[in-house]
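In what follows, a single structure is set out as structure tokens and then discussed.
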Amino acid sequence: MKERDEFYMRLALREGRRGLGHTSPNPPVGAVIVDPRKGEVIARGYHRRAGLPHAEVEALRRAGERARGATLYVTLEPCHHYGRTPPCTQAILAAGIRRVVVGTRDPHPQARGGLEYLAQKGLEVRSGVLEKECRYLARFFLRRVLDHRPWVILKVAASLDGRIATRTGDSRWITGEEARRQGHRLRALCDAILVGRRTVELDDPQLTCRLVRGQHPVRIVLDTRLRLSPTHRLFESAQEVPTWLICGEGAPPERETPFRERGVEILRIKEKDGRIDLSALLVELSQRQILSLLVEGGAEVHGAFLDQGLVDEVFFFFGPVILGGREAPQAVAGEGAASLKEALWLSEVKVRRLSGSLLVQGLSPVGARLLENIP
């Protein structure tokens, strides 16, 4: 039974991944309906976009009358409330499903309770099948529900010796084309991308996912005193791609006007030690439906997020080059760890070869704890 349930849950996970980058502020969810006598997959479904049918309903519609007496595998507990769509529990009952197998429970106070309700109605239910994998699929949603902040991904492209540019500032390109394309897939996956003032000044980036298909993330720039020029490319294109400029409460109000004229939204966030209070910023972003944040630079911004324990996941892209140089900018600054024991050690580490570049991906202790300790 365990092996069979895991097999079909892997199929449901595969379906759920099809919704990645499209479902926010809802989680990506996958569902599979199986004939328990024949072991045959009757129908599959996934949540395509917020406001559209949930994965269970999409699979049930495809199954039709064949759903009666069948088993439903779904990566996240079916909802039991009226939101943009009716409760999935009602659709499951109406379809005649006999058994429901869930990957992970839904901690949302409005949506949870679906399994208990279905059990009360006489259905056989089981939860916790491939739970860690299912939580990882829904990690953006889970972080926001439980901690009222986005899931934060730190992304770096660096040389083998940890430099993000030469001593003269030359950085295009340290990693290869395939690595850059993978970086743009990350952008398309996330709701927003964040950089600091110096990154805009030095690189004049566009911060879009133009190398792949997908929706551009909201572009966020930290500029405590509004010192940037409004003529940078991402501000000039703010009418096409949402762009938010984050400043402190003490930034000169008159500096806002040229940015607002270009369509840039200004957010004033309280300061801490003369800098933007990152925890307060993350709460504000969560309230604005940002479930996932990709942090792309520079070194001081990376260091600040790491020092404050706000990074959930790390993607380090390494090019096969050594730059050296005392003045060459490093990938991570900040205060840093005083000992190896205090350093940020990753878990669930994966290493991929992307043509000539390498990608090292892993969960921070903060991110790993979220996936292991969900109520």
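Whether any residue in the stretch 278-298 is out of contact with any helix residue (DSSP H, G or I) (no Cβ under 6 Å at 6 or more places or on another chain), assigned to a loop (DSSP other than H, G, I, E, B) and among the charged types (D, E, K, R) is what I want to check. Looking through the stretch 278-298, at least one residue is out of contact with any helix residue (DSSP H, G or I) (no Cβ under 6 Å at 6 or more places or on another chain), assigned to a loop (DSSP other than H, G, I, E, B) and among the charged types (D, E, K, R). Being free of Cβ contacts under 8 Å to residues at least 40 places away in the same chain and closer than 27 Å to residue 206 by Cβ is a condition met by at least one residue of the stretch 151-168. Within the stretch 103-124, being modelled with pLDDT of 90 or more and touching a Gly at 6+ places or on another chain (Cβ under 9 Å) holds for 103, 104, 105, 106. One residue stands out among those in the stretch 11-21 that are touching a residue at least 40 places away in the same chain (Cβ under 8 Å) and either touching a Phe, Trp or Tyr at 6+ places or on another chain (Cβ under 7 Å) or more than 13 Å from residue 104 (Cα to Cα) (or both): the one that is surrounded by the most Cβ atoms within 10 Å (Cβ to Cβ), which is 12. Taking every residue in the stretch 257-278 that is closer than 23 Å to residue 294 by Cα and pairing it with any residue that is open to solvent by 80 Å² or more (accessible area, probe 1.4 Å), at least 6 positions away or on another chain, the pairs with Cβ-Cβ distances below 7 Å are 263/239; 266/260; 268/249; 270/249; 271/249; 277/270; 278/308.
Can you tell me which residues in the stretch 197-232 are open to solvent by 90 Å² or more (accessible area, probe 1.4 Å) and modelled with pLDDT of 95 or more? Step through it out loud before you land on a result.
Our first condition is that a residue be open to solvent by 90 Å² or more (accessible area, probe 1.4 Å); within the stretch 197-232, this holds for 198, 202, 210, 213, 215, 227.
The one that is open to solvent by 90 Å² or more (accessible area, probe 1.4 Å) and modelled with pLDDT of 95 or more: 227.
The values are calculated or read from the model by the stated rules, or taken from the named source; none is laboratory data. Bear in mind that the values here come from a model prediction, so they are computed numbers and not experimental data. Note that we place each Cβ from the backbone using ideal geometry, even for glycine, and neighbour counts take in every protein chain shown. These area figures cover heavy atoms from the full protein model, side chains too; ligands, DNA and RNA do not enter into them. Shrake-Rupley method; radii C 1.70, N 1.55, O 1.52, S 1.80 Å.
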